[in-house]
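Engineer: Please read through the structure below; I'll follow up with questions.
The values are calculated or read from the model by the stated rules, or taken from the named source; none is laboratory data. Since the model is a prediction, treat every value here as computed from it, not as a measurement. For neighbour counting, all protein chains shown are included, and Cβ atoms are generated from backbone atoms with ideal geometry for every residue, glycine included.
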Amino acid sequence: MVFSQYQTILEVGTRGRALYEITSEVSQELRRSGLDEGMLHLMVRHTSASLLIRENADPDVRVDLERFFSRL
């Protein structure tokens, strides 16, 4: 069995507190890797950032999340 690895840094420009969709950027890096199976590891290297994974099935979820975070 041969194990392959691909690593890259994805920089996302932000404009303050908000939810940022990075699915297309991550998908592009996965295609660029040439790998077709395995495990994806995402690391957020900033103390005041977080990573949220959701399915985008209901647009109200984003509205609810933005409303929640605006109260913090």
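Engineer: For segment 3-22, does any single residue satisfy the condition of being loosely packed, with under 10 Cβ neighbours inside 10 Å, assigned to a helix (DSSP H, G or I) and out of contact with any helix residue (DSSP H, G or I) (no Cβ under 9 Å at 6 or more places or on another chain)?
Structural biologist: There is no residue in segment 3-22 that is loosely packed, with under 10 Cβ neighbours inside 10 Å, assigned to a helix (DSSP H, G or I) and out of contact with any helix residue (DSSP H, G or I) (no Cβ under 9 Å at 6 or more places or on another chain).
Engineer: Do we have any residue at all in segment 23-40 that's of a type outside the set (V, I, T), within 27 Å of F69 (Cα to Cα) and modelled with pLDDT under 90?
Structural biologist: No: segment 23-40 contains no residue that is of a type outside the set (V, I, T), within 27 Å of F69 (Cα to Cα) and modelled with pLDDT under 90.
Engineer: What number of residues within segment 32-55 are surrounded by fewer than 10 Cβ atoms within 10 Å (Cβ to Cβ), over 12 Å from the mean Cα position of the chain (by Cα) and within 19 Å of L10 (Cβ to Cβ)?
Structural biologist: Residues flagged as surrounded by fewer than 10 Cβ atoms within 10 Å (Cβ to Cβ), over 12 Å from the mean Cα position of the chain (by Cα) and within 19 Å of L10 (Cβ to Cβ) within segment 32-55 amount to 6.
Engineer: So, one more: Quick check on my filter: what residues within segment 23-72 are farther than 29 Å from S4 by Cα, free of Cβ contacts under 8 Å to residues at least 24 places away in the same chain and assigned to a helix (DSSP H, G or I)?
Structural biologist: Passing the criteria: P59, D60, V61, V63, D64, R67, F68, S70.
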